[in-house]
Amino acid sequence: MKIVVVGGGLAGLAAAHKLESLLPESEITLTERSDRVGGVLLTERIDGFLIEGGPDSFLSRKERGVGLCEELGIAGELVGRKPENARSYVRHGSELHQLPEGLTGMIPTDLDALAESTLLSRAGRERLAAEVDLPPEPPGADESIASFVTRRLGAEAYERLVEPLMTGIYCGDGAQLSLQATFPNLRVLELEHGSVIRGLSAQSAASASSYAPFVTLASGMQTLAVRLARRLRRTRVLTGRVALGVRGGDLGYEVELDEGERLHADGVVVAVPGFTAAELLADLDLELAAVHAEIPYASSAVVTLAYREGDVAHSLDGYGYVVPRAAGSDVLACSWSSSKWEGRAPGSSVLIRVYAGRFGERDVSLDADDELVELARNELRVLEIEAEPSLSRVQRWPRGMPQYVLGHPERLERIDAALAGHPGLALAGAAYRGVGIPDCIHSGEEAARSLAESLARVPG
């Protein structure tokens, strides 16, 4: 039996890994258009600095992130954020306001801590606290994150607290993002507990983990992809090869690669961004391709700057800050990497990451390196940093973040319906049911299970 996995990001690697155990007699080929596997997991080590070009951590409560690390024997490398700097901020104007303690996800659950916060006005705090007395809306149609949070917690809590935290996850516009596709548990809590705050408080009391809420690998996030790729025993990995199309036939599928090569397969896992999947699947199924083409994406850039400690007057006594959309800035967040994680900068140096790029705004990934560095340096004037950085790195992610806008759940239904007509075809990746690292791992593994079950039902 021959299987082809198209896409060597984390979802594709996880799919190949799972397929090796589910279909031990199969021949697996994984194709990746870039010269390396791992997708957005990109770690550099320069002059004693450990620099993440993509995500720097993942949620431990989503089990497949930690679970895969345990299976790969690298769970001992997982570390949490520095506890002595356990605070984050929101920038309003040129001032940083500390996030209140007791945040569960994006929602405050400790109303006493909220009362001491300068983030919201007195009226804003009172409106948020009143959420516990608001009756739930009856079940109905999906709504945007902005609509739901404003309805439950008030406009000020959304604009000054929830929106910047949400944007830090999705680079998105809360007025367009689907609540059902992004944070469906919030609606469930409203219906089951009559209050989101009450529901989250009960949830928090019941949850416990031996890991910190956010974890990273001491050697960098790319280690996860490298170790996963090394674990593959029966998968032929082809990097630098572009898949041009997937076509069906009497004996399964044919994957066309550049240079005229064609791979015949009994099953195919497509683990690429939605817009790439649309191109690959156009000859196989126009409807399936069209739905993928509808999924919008946001572009972003990460600028990492290093400074001598003596050039930074700010204490950097936290993990960093987020920037609301209302600020009118391209910058989403500023992460103080050397304050957040151990081993990110050599002695007497600090490392800072600036994230830029909002869905619906200009495409920052088109800016030149010097323009992006200048954007980041202008942002750091909030911290009174005027010195020249001792090191700078720029990483662009054009169309790197799928947007689960209103209508996304219906798109998934159309995709599932179309897939039912193609036994032996599976899909994986961030375009569907989660953008985080554990989500992508889970997506790849579920695609492998689906494919194995589908092939088991095929006669012969």
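Couple of notes before you dig in:
- Failed criterion for Val5 (all others in (1) surrounded by 17 or more Cβ atoms within 10 Å (Cβ to Cβ); (2) more than 24 Å from Glu256 (Cα to Cα); (3) of a type in the set (A, V, I, L, M); (4) out of contact with any Lys or Arg (no Cβ under 7 Å at 6 or more places or on another chain) hold): (2)
- Number of positions in region 64-92 that are in contact (Cβ under 8 Å) with a residue 40 or more places away in the chain and closer than 22 Å to Leu165 by Cα: 12
- Taking strands (runs of 3 or more DSSP E) as the structural unit, those lying wholly within region 210-261 and holding at least 1 residues that are closer than 21 Å to Thr29 by Cα, of a type in the set (Asp, Glu) and in contact with a Gly (Cβ under 9 Å, 6 or more places away or on another chain) correspond to 252-257.
- Of Arg231, Arg241, Arg198, Arg160, all but one fail to be surrounded by 15 or more Cβ atoms within 10 Å (Cβ to Cβ) and either among the hydroxyl-bearing types (Ser, Thr, Tyr) or under 30 Å from Gly76 (Cβ atoms) (or both); the exception is Arg231.
- Residue match in region 274-282 (condition: closer than 20 Å to Ser454 by Cβ, in contact with a strand residue (DSSP E or B) (Cβ under 6 Å, 6 or more places away or on another chain), loosely packed, with under 15 Cβ neighbours inside 10 Å and at pLDDT 95 or above): no
- Of all residues in region 246-273, those that are on the phi < 0 side of the Ramachandran plot, surrounded by 16 or more Cβ atoms within 10 Å (Cβ to Cβ) and small (Gly, Ala, Ser) total 4.
- For region 23-54, a residue qualifies if it is within 30 Å of Glu261 (Cβ to Cβ) and surrounded by fewer than 16 Cβ atoms within 10 Å (Cβ to Cβ), and the qualifying residues are Pro24, Glu25, Glu27, Ser34, Asp35, Arg36.
- Test: residue in region 31-53 that is in contact (Cβ under 8 Å) with a residue 24 or more places away in the chain, polar (S, T, N, Q), within 30 Å of Asp439 (Cα to Cα) and touching a Ser or Thr at 6+ places or on another chain (Cβ under 6 Å): no
- Looking only at region 357-399, and only at residues there that are in a strand (DSSP E or B) and touching a Leu at 6+ places or on another chain (Cβ under 9 Å), the one that is surrounded by the fewest Cβ atoms within 10 Å (Cβ to Cβ): Pro398
- Which numbered condition Ala16 fails, given (1) free of Cβ contacts under 8 Å to residues at least 60 places away in the same chain; (2) small (Gly, Ala, Ser); (3) surrounded by 24 or more Cβ atoms within 10 Å (Cβ to Cβ): (1)
- Only one entry of Arg399, Arg381 meets the criterion of being out of contact with any Cys (no Cβ under 9 Å at 6 or more places or on another chain) and in contact (Cβ under 8 Å) with a residue 24 or more places away in the chain, and that entry is Arg399.
- Residues located in region 165-183, provided they are at pLDDT 95 or above and part of a helix (DSSP H, G or I): Leu179, Gln180, Ala181, Thr182
- Checked against the criterion of being among the acidic types (Asp, Glu), in a loop (DSSP other than H, G, I, E, B) and not assigned by TED's automatic domain parsing to the domain that holds Val270, region 40-53 has at least one qualifying residue.
- Hits in region 292-304 (condition: over 17 Å from the mean Cα position of the chain (by Cα), in contact (Cβ under 8 Å) with a residue 40 or more places away in the chain and surrounded by fewer than 23 Cβ atoms within 10 Å (Cβ to Cβ)): Glu294
The values are calculated or read from the model by the stated rules, or taken from the named source; none is laboratory data. Computed from a predicted structure; not experimentally measured. Cβ coordinates were reconstructed from backbone atoms using ideal geometry, including for glycine residues, and neighbour counts include every protein chain displayed.
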